[in-house]
1. Would you confirm whether any residue within region 26-40 is touching a residue at least 60 places away in the same chain (Cβ under 8 Å) and buried (at least 17 other Cβ atoms within 10 Å of the Cβ)?
2. Test E131 against the stated conditions and say whether it is surrounded by 15 or more Cβ atoms within 10 Å (Cβ to Cβ), within 20 Å of V86 (Cβ to Cβ) and among the acidic types (D, E).
3. State all residues of region 129-158 that are of a type in the set (D, E) and within 18 Å of the chain's Cα centre (by Cα); if no residue qualifies, say none.
4. Just one of the numbered conditions (1) polar (S, T, N, Q); (2) under 19 Å from L112 (Cα atoms); (3) not in a helix (DSSP H, G or I) is not true of S30; which one?
5. Out of region 80-126, which residues are within 9 Å of the chain's Cα centre (by Cα) and in contact (Cβ under 8 Å) with a residue 60 or more places away in the chain?
6. Please determine, by comparing only the residues of region 90-113 that are touching a Ser or Thr at 6+ places or on another chain (Cβ under 9 Å) and β-branched (V, I, T), which one is surrounded by the fewest Cβ atoms within 10 Å (Cβ to Cβ).
7. State whether the residues of region 159-168 include one that is within 16 Å of the chain's Cα centre (by Cα), within 18 Å of L53 (Cβ to Cβ) and modelled with pLDDT under 95.
8. Just to confirm my filter: which strands (runs of 3 or more DSSP E) fall fully inside region 76-185 and include at least 1 residues that are under 30 Å from H33 (Cβ atoms), of a type outside the set (A, V, I, L, M, F, W, C) and out of contact with any Phe, Trp or Tyr (no Cβ under 6 Å at 6 or more places or on another chain)?
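The values are calculated or read from the model by the stated rules, or taken from the named source; none is laboratory data. Everything numeric in this text was worked out from a predicted model, so none of it was measured. Ideal geometry is used to build each Cβ from the backbone, glycine not excepted, and the neighbour counts take in all protein chains shown.
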Amino acid sequence: MEVKFCMSCGHELETRDIGGTPRRACPACSFVHWGNYSIGVGAIVIREGKVLLVRRAQEPGKGRWTNPGGYAEQLEQLHETVRREVLEECGVEADVRNVVAIRDLPRGIHNLYVAFSMEYAGGEPVPDGVEVDAAGFFSLEEMKAMNVAPFTWWLVDVALNGRSDGLVLDSDPVVQLEGHGLFRR
């Protein structure tokens, strides 16, 4: 679906060449529609050698076991999003350790997914009954008999067998950048 009206002033948009790409832009103000994007996050939480999984109760992926996760809110930093999603979906508290993977999926709505390795902090897995209908910690052996989503298998492998420590939250950067979520090697 094409964007028709300016999100800043409400004027009808026109298509202009901006940097060699046709974009919807406002002739009345400086607004340019750069595209449609969504940012998702996912958690790999391991406790006593077992991985936290949830079973999707709705599409996409209904009936499949996945790592907990969801979409970022407009004014929410990603490391806060992933903590919130784990807590909301299954009642488990977990703290971000590092970024272990990024999936880039360009399509009608360009989707970027950031996967975090997280440290279990507390709580027992209880499904929210809305987004997920089951939750628990499972061994790799148990997971083999489950309907685990292929992308979740990949994330678990990356988290357990990755060749680097990933990117860690820089809680004390050399320069304070208010409102930024900064990760570094």
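1. Scanning region 26-40, I find at least one residue that is touching a residue at least 60 places away in the same chain (Cβ under 8 Å) and buried (at least 17 other Cβ atoms within 10 Å of the Cβ), so the answer is yes.
2. Against the criterion (surrounded by 15 or more Cβ atoms within 10 Å (Cβ to Cβ), within 20 Å of V86 (Cβ to Cβ) and among the acidic types (D, E)), E131 qualifies.
3. E131, D157
4. (2)
5. The answer is L112, Y113, V114, A115, F116.
6. I109
7. Yes, because at least one residue in region 159-168 is within 16 Å of the chain's Cα centre (by Cα), within 18 Å of L53 (Cβ to Cβ) and modelled with pLDDT under 95.
8. It comes to 93-105, 110-122.
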